[in-house]
Amino acid sequence: VGFDIDVATEAVKRLGKNIEIKDIPFELLLPQTTLGTVHVIAADLAVTPEREKLVLFTNPYITNGPLVVLTPKDKLTLTKLEDLTDKRVVVIKGYTADSYISDLAYLAVERVPNLADAVKALQAGNVDALVTNADTIPTIFETYGQDTFATFVINDVNENAALAVSKMYPELARELSIVIDQMNADGTLDQLKQKWHLQ
């Protein structure tokens, strides 16, 4: 479940096609899509030049999405990126936060395969902070409680997220881009963002 899944489900429905959702480790998403065993990735995938060599991206359904830092409210008070110096930080492997944080030499980074593992590491005290995309924050708050965490936004990082389509299916990528634009124009994307507290 989640915002990305809702976007993909609605887009595929509008094309009159069936959808089968698979939960796959992030590091296998691009290889399986390249092989064509996965048609579409709906996983808050940031559009990057490196990924564009492997898959076709639809028009984005998230633009200018920032990164957010979460810490346990009762342990640390952090208000800016520099406060993470010498701290242990967890990120979800392969996501924008991973590539951004990995470039900061003053941080000790732990990579985990999914959001649930990242939050568990934070709650267990194995790390001092979690850095993740802003659109995952509503899910964290709904599951674990908003009062559990302190947060701040990393303002100089923004990303565009889109559906990624296997290069074996260029017509599907084109059709999905048209549908994403329609969903944006008719307010469906805004409704889904409101549902998942992204606005």
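Things worth noting here:
- Options Glu50, Glu20: the member that is part of a helix (DSSP H, G or I), surrounded by fewer than 19 Cβ atoms within 10 Å (Cβ to Cβ) and out of contact with any Pro (no Cβ under 6 Å at 6 or more places or on another chain): Glu50
- For segment 25-47, residues that are within 14 Å of the chain's Cα centre (by Cα) and either within 20 Å of Pro138 (Cβ to Cβ) or not in a strand (DSSP E or B) (or both) total 10.
- Count of segment 53-73 residues which are touching a helix residue (DSSP H, G or I) at 6+ places or on another chain (Cβ under 9 Å), open to solvent by 30 Å² or more (accessible area, probe 1.4 Å) and not aromatic (Phe, Trp, Tyr): 6
- Pairs meeting the criteria (first residue in segment 30-48 and under 10 Å from Ala161 (Cα atoms) and in contact (Cβ under 8 Å) with a residue 12 or more places away in the chain, second residue surrounded by fewer than 21 Cβ atoms within 10 Å (Cβ to Cβ) and of a type in the set (S, T, N, Q), beta carbons under 6 Å, at least 6 apart or on different chains) are Val47/Asn160.
- Condition check for Val90: closer than 21 Å to Glu110 by Cβ, touching a residue at least 12 places away in the same chain (Cβ under 8 Å) and touching a helix residue (DSSP H, G or I) at 6+ places or on another chain (Cβ under 8 Å): yes
- Per-region count, segment 150-180, residues within 18 Å of Leu45 (Cβ to Cβ) and either crowded, with 20+ Cβ neighbours inside 10 Å or modelled with pLDDT under 95 (or both): 14
- For the residues Asp135, Asp147, the requirement of being within 19 Å of the chain's Cα centre (by Cα), open to solvent by 20 Å² or more (accessible area, probe 1.4 Å), closer than 20 Å to Trp196 by Cα and charged (D, E, K, R) singles out Asp135.
The values are calculated or read from the model by the stated rules, or taken from the named source; none is laboratory data. Small disclaimer: the values here were computed from a predicted structure and weren't measured. Every residue, glycine as well, gets a Cβ built from its backbone with ideal geometry; the counts of neighbours run over all protein chains shown. Ligands, DNA and RNA are stripped out before the accessible areas are found, and what is left, the full protein with its side chains, is counted by its heavy atoms. Shrake-Rupley method; radii C 1.70, N 1.55, O 1.52, S 1.80 Å.
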